[in-house]
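Only the coordinates and a few stated rules stand behind these numbers; no lab work does. It should be emphasised that the depicted structure is a prediction, and the values quoted were computed from it without experimental measurement. In this analysis, Cβ positions are derived from the backbone assuming ideal geometry, glycine residues included, and neighbour counts consider all displayed protein chains.
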Amino acid sequence: MKVKKIDHIGIAVKSIEESLKFYELLGLKVVGTEEVGEQKVRVAFIPVGDSEIELLESTAPDGPIARFIEKNGEGIQHIALQVDNIKAALEELKEKGVRLIDEEPRYGAGGASIAFVHPKATGGVLIELSERT
Ligand code: ZN
C-alpha cells in the first residue's frame, strides 16, 4: 500500500456555521458542503494547501458525530490518509492482522472511497483511509 498524504482532518462540531467563524478569521473558505445520509452528517470542505479540514455536523441525535460530541465534546474526530488503492490497502492491513472497522470500502463525502481502521489498532486515533476517484 502507498499512503500519499494527509487527505483531510475531520473535526466534529455542533454547528458548521458557528465553527466557520474561526476558520474564516484565518482567511480559509468553504468550497462546498454535502450531506451524507448514511453517516447522518453534514460536511463542509475547507481546503488548506493540498489537504482539507472537514467540519462534521450531525444531522441526527443518534448519528456517530452526535455520539462523539456527547462523549468527547467538539474536536478532532478522525484523520484521513489518502491511499492510491484502497482495496489493496485493506487487503494488506487484513493480512497484517490490523483491526478494521470497514473491511470493504464505502462511500465518503466528496465522492471518495473510504474505510476506517479501528482506534484500538492505531493507538487511539480513528484513521480513515481515503481513495479519491
Ligand atoms: Zn473523513
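State which entries of 71/120; 5/29; 40/96; 29/71; 2/71; 5/96 exceed 27 angstrom in Cα-Cα distance in the structure shown.
Check vs 27 Å cut-off fails for 40/96; 29/71; 2/71.
For the chain, with a Gaussian network of springs between Cα atoms less than 10 Å apart, report the residue from 84, 50, 102 with the top mean-square fluctuation.
Comparing 84, 50, 102 in the GNM, the peak value goes to 50.
Defining a contact as two alpha carbons under 8 Å apart and six or more residues distant in sequence, what relative contact order in percent does the chain show?
26 percent
At a 10 angstrom cut-off on C-beta neighbours, averaged per residue, how do the peptides 76-82, 22-28, 122-128 rank from highest to lowest?
So the order, starting with the most tightly packed, is 76-82, 122-128, 22-28.
Treating only the Cβ atoms of Lys and Arg (+1) and Asp and Glu (-1) as charged, compute the dipole magnitude of the stretch 3-131 about its Cα centre; round to the nearest 20 debye.
Here the stretch 3-131 has a charge dipole of around 340 debye.
Where a ≥ b ≥ c are the square roots of the eigenvalues of the C-alpha gyration tensor, would you call the stretch 3-50 rounded, which needs a/c under 1.5, or, failing that, prolate if a/b is larger than b/c, or oblate?
It comes out oblate by the Cα gyration axes.
Using the beta-carbon distance between residue 100 and residue 50 and R0 = 30 Å, what value does 1/(1 + (r/R0)^6) give for FRET efficiency, to the nearest 0.05?
Using R0 = 30 Å, I get an efficiency of 0.70.
Divide the volume of the convex hull of the Cα atoms of the chain by its number of residues and quote the answer in cubic angstrom per residue.
For the chain, the hull spanned by Cα atoms encloses 106 Å³ per residue.
May I ask which residue of 61, 48, 36 lies farthest towards the positive end of the charge dipole of the stretch 23-133, with charges of +1 (Lys, Arg) and -1 (Asp, Glu) on Cβ and the Cα centre as origin?
61
Considering only C-alpha atoms, what is the centroid distance from the stretch 31-91 to the stretch 1-26, in Å?
8 Å
Mind checking which of 77, 27, 88 is farthest towards the positive end of the stretch 24-133's charge dipole, using Cβ charges of +1 (Lys, Arg) and -1 (Asp, Glu) about the Cα centre?
77
In nm, what is the difference between 0.36 nm times the number of residues separating residue 30 and residue 132 and their Cα-Cα distance?
Between residue 30 and residue 132, full extension yields an extra 34.8 nm.
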